[in-house]
1. All but one of (1) crowded, with 24+ Cβ neighbours inside 10 Å; (2) more than 16 Å from Gly274 (Cα to Cα); (3) in contact with a strand residue (DSSP E or B) (Cβ under 7 Å, 6 or more places away or on another chain) hold for Gly391, so report the exception by its number.
2. Just for region 81-103: of the residues that are hydrophobic (A, V, I, L, M, F, W, C) and farther than 13 Å from Glu186 by Cβ, which one is most open to solvent (accessible area, probe 1.4 Å)?
3. Of the residues Ala163, Ala194, Ala216, which single one is under 28 Å from the mean Cα position of the chain (by Cα) and part of a helix (DSSP H, G or I)?
4. Search region 413-426 for residues being outside any loop (DSSP other than H, G, I, E, B) and of a type outside the set (D, E, K, R), and hand back the single one that is surrounded by the most Cβ atoms within 10 Å (Cβ to Cβ).
5. Going by the conditions given, is Arg188 open to solvent by 40 Å² or more (accessible area, probe 1.4 Å), under 24 Å from Thr96 (Cβ atoms) and assigned to a helix (DSSP H, G or I)?
6. Would a scan of region 320-328 turn up a residue that is more than 30 Å from Cys217 (Cα to Cα) and free of Cβ contacts under 8 Å to residues at least 60 places away in the same chain?
7. Looking only at region 262-289, which residues are in contact (Cβ under 8 Å) with a residue 40 or more places away in the chain, touching a Ser or Thr at 6+ places or on another chain (Cβ under 8 Å) and surrounded by fewer than 17 Cβ atoms within 10 Å (Cβ to Cβ)?
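The values are calculated or read from the model by the stated rules, or taken from the named source; none is laboratory data. On a predicted model such as this, the values are computed, not experimentally measured, just so you know. All Cβ positions, even for glycine, are placed from backbone atoms using ideal geometry, and neighbour counts span all protein chains on display. Just so you know, the surface numbers come from the protein's heavy atoms only, side chains and all, with ligands and any DNA or RNA stripped out. Shrake-Rupley method; radii C 1.70, N 1.55, O 1.52, S 1.80 Å.
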Amino acid sequence: MVVLRRRFEAIIGEMINALFKSGRSGVLNTAMDFSCSLTDARFQSISLAQGLPVHVGAIDLIPRAVAAKFGRDIHPGDCFVNNSGYLGNTHCADFTVCAPVFVDSEIAFYVIARAHLGDMGFPTPTTYGPRSRDVYEEGLMLPCVRIQKDYADVPEVIDICKANIRVPEQFYGDYLAVLAAVRTGEARLKVLCAKYGAATVRTFVDEFQNYAERMACQAISTLPKGRVSKEMLYDSETELYPEGIPIRATIEVDPEEELVIVDLTENIDNLPLGINMTESTTIAACMTAVLNILGPDVPRCTGSFRRVKLLMREGAAIGKPRFPAATSAATTNLCHALIPHLQSMFAMLRGDLGTAYGTIGMPGSCAVVSGEDARGQGRSFVNQLIMGYWGGPALSGHDGWLTYGSGASQGILWQSSVEVVEQQQPIIIEKLEVREDSGGAGQWEGAPGADCIIRPRSGAVRFMVNSASREHPPQGAHGGRAAAPMRISRRDASGNDTELPISVDTTLRPGERLVSEGCGGGGYGDPLDRDPWAVVASLKAGRISRHRATEIYGVVFGHEGEEVTIDGPATVARRAQLRRRGVLA
């Protein structure tokens with residue numbers, strides 16, 4: 001089993017490498033905002049650990065859509081493209097290609113590559129439309145259509161894509177990279193079946209699902225029995241929910257039945273915004289959150305997912321959308337909030353489980369930038385930046401992971417190089433550094449966010465961002481403190497800052513700057529229980545201020561020459577004082 005498992009993982013790795021090495025846009029070839037995967041003919045996934053959680057957690061919906069729509073009209077050399085949130089895709093900017101793999105004249109596998117493109121023909125140059133009112137405001141739709149037949153492009157589909165996308169040559173280069181990934185997977189799977197025999201490979205896939213399910217059962221059996229419900233608020237841009245959009249969930253753990261039930265049926269109806277989640281992102285969020293609790297030894301695949309029962313309803317903002325609800329920001333916004341929300345609920349069951357909340361929403365340093373580049377004879381450009389996407393949540397025994405990003409990516413996305421970003425777009429990154437005191441305080445500290453300043457090099461540049469965490473920043477868990485709120489401002493040539501709304505759409509000219517203050521992750525556990533020497537380390541690293549060290553963590557410092565030391569007795573006294581103050585409050 002180990003040999004074939006590693007062979008499947010190697011095949012997915014080759015698919016990833018093919019796409020990464022040949023992707024045209026920066027969001028693919030520097031940030032790796034794509035995922036590759038495969039299923040068997042019965043839509044069983046094999047290994048999902050190598051992709052973005054939000055991309056691969058429900059990847060089986062893609063071949064299911066192909067089989068449901070085309071039935072027997074699927075042939076060798078076919079390839080299908082799908083970006084519809086109503087046909088199993090994540091959101092419209094995730095250009096998802098799926099090809100059947102035939103062995104002995106029948107379908108044995110499906111190979112899938114999903115790539116986040118810089119532009120999909122939105123009314124505005126972005127890949128997210130958080131203010132979209134319905135699906136008709138979300139650009140080009142490709143509702144599971146054939147894009148290759150007999151290994152040749154269907155030219156009409158390619159022409160439609162090029163005619164609707166602002167950077168058609170960049171699009172076509174990215175399409176070829178995605179196609180290279182699925183064709184690589186197809187070729188390698190045929191070699192695998194030829195070497196070991198199709199029957200042996202099919203048997204392995206079935207046995208691996210059973211193994212994964214047994215591992216999940218074992219992990220669930222060690223969890224405490226219980227049922228918890230919790231509501232959080234997400235920053236609102238609709239008058240329907242002026243105090244915040246509620247996100248509701250109930251989790252029930254039954255260790256005897258070796259089952260986890262996630263109930264999302266109490267969530268609100270679809271919103272007149274583009275942040276509604278899709279069926280794919282809702283499933284992926286729940287599977288990601290629960291499997292994170294079950295631990296790294298449980299394989300991420302169909303077999304382990306059998307032990308998670310998900311209840312959701314159609315027509316809900318968190319669930320399955322009802323047409324024509326807008327879903328272009330389904331992989332970010334509410335998805336960023338739902339995953340840590342579910343993880344935090346496990347901390348209510350037992351003190352060593354779960355996590356705090358991580359980054360929710362995209363910081364300004366992850367803007368979609370567009371315009372015309374004077375360095376390239378005025379060529380148009382559109383690309384999403386992935387920089388300073390930090391702020392991981394703390395958990396029992398561990399501080400937050402700096403480059404975690406959000407629950408939807410969990411450290412899989414690469415942080416783009418400043419130098420490469422400046423080569424790819426006519427912008428200058430003046431500042432990218434840790435934002436002091438942005439992570440939530442706790443016995444285990446949330447990772448900080450980023451301070452970032454960006455300016456146009458020459459000519460106007462349009463910045464679009466779907467941020468959040470302003471009124472409702474990432475919360476702590478089990479006594480941990482909340483992170484700092486996210487802020488985005490426009491700085492004029494005189495140095496005056498104007499705060500921008502949650503959904504940013506602003507055009508900057510030379511001399512102006514975008515100022516991004518990223519939120520951090522929430523803390524876990526009482527800050528007064530943090531190891532004083534860990535406080536000193538955070539202070540020296542620039543993650544926290546001396547004020548936080550003294551007033552929140554209760555650490556009193558001494559000095560031996562230039563070295564910062566801890567006054568042990570004074571720290572004990574100070575912490576006792578802060579505990580009494582907290583009780584009285």
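1. (3)
2. Initial filter on region 81-103 (hydrophobic (A, V, I, L, M, F, W, C)): 81, 87, 92-93, 95, 97-99, 101-103.
If we keep only those that are farther than 13 Å from Glu186 by Cβ too, we end up with 81, 87, 92-93, 95.
On the way: Val81: 1, Leu87: 66, Cys92: 4, Ala93: 0, Phe95: 1 Å².
Applying the filter and picking the extreme gives Leu87.
3. Values: Ala163 fails: under 28 Å from the mean Cα position of the chain (by Cα); Ala194 fails: under 28 Å from the mean Cα position of the chain (by Cα).
Within the list Ala163, Ala194, Ala216, the selection yields Ala216.
4. Going through region 413-426, the residues outside any loop (DSSP other than H, G, I, E, B) turn out to be 418-424.
Filter again for of a type outside the set (D, E, K, R), leaving 418, 420-421, 423-424.
On the way: Val418: 15, Val420: 13, Val421: 23, Gln423: 12, Gln424: 20.
Once the filter is applied, the top-ranked residue is Val421.
5. Numbers: open to solvent by 40 Å² or more (accessible area, probe 1.4 Å): yes; under 24 Å from Thr96 (Cβ atoms): yes; assigned to a helix (DSSP H, G or I): yes.
Here the answer is yes, as Arg188 does meet what is asked.
6. Of the residues in region 320-328, the ones more than 30 Å from Cys217 (Cα to Cα) are 321-328.
Subset that is free of Cβ contacts under 8 Å to residues at least 60 places away in the same chain: 322.
Within region 320-328 (the criterion being more than 30 Å from Cys217 (Cα to Cα) and free of Cβ contacts under 8 Å to residues at least 60 places away in the same chain), the answer is yes, since at least one residue qualifies.
7. If the condition is that a residue be in contact (Cβ under 8 Å) with a residue 40 or more places away in the chain, touching a Ser or Thr at 6+ places or on another chain (Cβ under 8 Å) and surrounded by fewer than 17 Cβ atoms within 10 Å (Cβ to Cβ), then Pro272 is the only one that fits.
One line per residue, one yes/no per condition, for (1) open to solvent by 10 Å² or more (accessible area, probe 1.4 Å); (2) in a helix (DSSP H, G or I); (3) within 21 Å of Asp174 (Cβ to Cβ); (4) not polar (S, T, N, Q):
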{"residue": "Gly351", "(1), (2), (3), (4)": "yes, no, no, yes"}
{"residue": "Thr359", "(1), (2), (3), (4)": "no, no, no, no"}
{"residue": "Val382", "(1), (2), (3), (4)": "no, no, yes, yes"}
{"residue": "Thr403", "(1), (2), (3), (4)": "yes, yes, no, no"}
{"residue": "Ser406", "(1), (2), (3), (4)": "no, no, no, no"}
{"residue": "Gly411", "(1), (2), (3), (4)": "yes, no, no, yes"}
{"residue": "Ile428", "(1), (2), (3), (4)": "yes, no, no, yes"}
{"residue": "Lys431", "(1), (2), (3), (4)": "yes, no, no, yes"}
{"residue": "Asp437", "(1), (2), (3), (4)": "yes, no, no, yes"}
